[in-house]
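These notes are about the structure you will find just below.
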Amino acid sequence: MKLAAVTLSALLLVSAPCLAQETEDKESFAQSSHFLKQQVRSSNSVGRAIRTVLARYPENTYELVNIALDTYPEKYRQIVSAAVSTQPAYVDDVIKLALEKRLAPATELVTLAINAEPSYAEYATEAACKFSPDQFTEIVRTAVNMEPDSADQIAKTLAKSYPNKTIDVLVTTIQEVPLVGKYVVDALLALFPEDSTESESMIIISVEQLAKHPEAVERLVQLAEQRGINQDLVSASAKRGGLSDVQASVLVGKYYKNQ
């Protein structure tokens, strides 16, 4: 009996700080939740309330967005949009919280975030890919369609974070926004040495993907020649992309004049 009593006392001593912390956390959450509800009532809008409180208390962004999503889950679109537009540097946290609470698919959250702050498109895309890796391709497709002018930066950021997916990023981006394909290729090629296997593979794959987009494919063939890539490989890639033998020959011959 004495041993049991001592053990129970010890357990109570150990658990006391944990219980105290838990109680304190609950009280803090209740206070913050009450404060947020007051702001929502006074502004008559969840979105406006979020903008107001985050502008005043940026250091509490994570906590306030977390509480807002728990309190008003049906208003997640307003909350995500308002949070990202007010504190775009916290886009990673905002997307993470919404995904953890399973309020929307990653593609929808990327759309909301980019609409709210287009200049942070690459960071919103990176965050969504990090927390929903199973939707990687769909996220990339959504992001570059949402903000094609930033497609090269989106692709470059993702290639740095996920080097083993560089070719996937390249192909997906080119398929979705072929008109900026050559800029995407230039951005990704800058990550690798000119004489690397990765560099050659990207050029060859891009020629196939952009074969029917004259301006982009000509840039690629020019790069291929400059980097010493065999013209037969380039020609074969252009044909796989849909060019006839004659078209591929004319295209490659324009830059491989001395071979």
For the stretch 201-216, does any single residue satisfy the condition of being of a type in the set (Lys, Arg) and surrounded by fewer than 21 Cβ atoms within 10 Å (Cβ to Cβ)?
yes
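Given the options Lys160, Lys254, name the one that is over 30 Å from Cys129 (Cβ atoms) and of a type outside the set (Val, Ile, Thr). So that I can check it myself, show each step before the final result.
Values: Lys160 fails: over 30 Å from Cys129 (Cβ atoms).
Within the list Lys160, Lys254, the selection yields Lys254.
Of all residues in the stretch 240-257, which are free of Cβ contacts under 8 Å to residues at least 12 places away in the same chain and of a type outside the set (Gly, Ala, Ser)? Working first, answer last.
Within the stretch 240-257, the first condition is being free of Cβ contacts under 8 Å to residues at least 12 places away in the same chain, and the residues that meet it are 244-247, 250, 253, 257.
Scanning the stretch 240-257 gives Asp245, Val246, Gln247, Val250, Lys257.
For (1) surrounded by fewer than 18 Cβ atoms within 10 Å (Cβ to Cβ); (2) outside any helix (DSSP H, G or I), each residue gets a yes or a no:
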{"residue": "Asp70", "(1), (2)": "yes, no"}
{"residue": "Arg102", "(1), (2)": "yes, yes"}
{"residue": "Ala121", "(1), (2)": "no, no"}
{"residue": "Ala127", "(1), (2)": "no, no"}
{"residue": "Phe136", "(1), (2)": "no, no"}
{"residue": "Val169", "(1), (2)": "no, no"}
{"residue": "Ile174", "(1), (2)": "no, no"}
What do you reckon, is Val221 among the β-branched types (Val, Ile, Thr), over 29 Å from Val110 (Cβ atoms) and touching a Leu at 6+ places or on another chain (Cβ under 8 Å)?
yes
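Hey, among Thr111, Thr107, which residue is buried (at least 20 other Cβ atoms within 10 Å of the Cβ), at pLDDT 95 or above and either part of a helix (DSSP H, G or I) or over 23 Å from the mean Cα position of the chain (by Cα) (or both)?
Details: Thr107 fails: buried (at least 20 other Cβ atoms within 10 Å of the Cβ).
Matching residue, one of Thr111, Thr107: Thr111.
Can you name every residue in the stretch 155-167 that is farther than 18 Å from Tyr123 by Cα and either buried (at least 16 other Cβ atoms within 10 Å of the Cβ) or touching a helix residue (DSSP H, G or I) at 6+ places or on another chain (Cβ under 7 Å) (or both)? Lay out the reasoning, then the answer.
Here is the first cut: in the stretch 155-167, the ones farther than 18 Å from Tyr123 by Cα are 164, 167.
Ile167, the sole residue that qualifies.
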Report yes if some residue within the stretch 180-189 is closer than 19 Å to Val221 by Cα and among the hydroxyl-bearing types (Ser, Thr, Tyr); otherwise report no.
yes
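Which of the residues that make up the stretch 217-232 are part of a helix (DSSP H, G or I) and open to solvent by 60 Å² or more (accessible area, probe 1.4 Å)? Before you say what the answer is, go through the steps one by one.
To start, the set of residues in the stretch 217-232 that are part of a helix (DSSP H, G or I) comprises 217-226, 231-232.
Correct list: Arg219, Gln222, Glu225, Gln226, Asp232.
Tally time: how many residues in the stretch 131-140 are more than 12 Å from Val110 (Cα to Cα) and either free of Cβ contacts under 8 Å to residues at least 24 places away in the same chain or within 9 Å of the chain's Cα centre (by Cα) (or both)? Spell out how you get there, then give the answer.
From the stretch 131-140, those more than 12 Å from Val110 (Cα to Cα) are 133-134, 137; that's our starting set.
Keeping just the survivors that are either free of Cβ contacts under 8 Å to residues at least 24 places away in the same chain or within 9 Å of the chain's Cα centre (by Cα) (or both) gives 133-134.
Summing the residues that are more than 12 Å from Val110 (Cα to Cα) and either free of Cβ contacts under 8 Å to residues at least 24 places away in the same chain or within 9 Å of the chain's Cα centre (by Cα) (or both) in the stretch 131-140 gives 2.
Please go through the stretch 176-197 and pick out each residue that is charged (D, E, K, R) and part of a helix (DSSP H, G or I). Lay out the reasoning, then the answer.
Of the residues in the stretch 176-197, the ones charged (D, E, K, R) are 176, 182, 186, 194-195.
Within the stretch 176-197, Glu176, Lys182, Asp186 qualify.
The values are calculated or read from the model by the stated rules, or taken from the named source; none is laboratory data. Given the structure is predicted, the values throughout are model-derived calculations rather than measurements. So basically every Cβ, Gly included, is an ideal-geometry build from the backbone, and we count neighbours across all protein chains shown. Heads up: the accessible areas ignore ligands, DNA and RNA and are worked out on the full protein's heavy atoms, side chains in. Shrake-Rupley method; radii C 1.70, N 1.55, O 1.52, S 1.80 Å.
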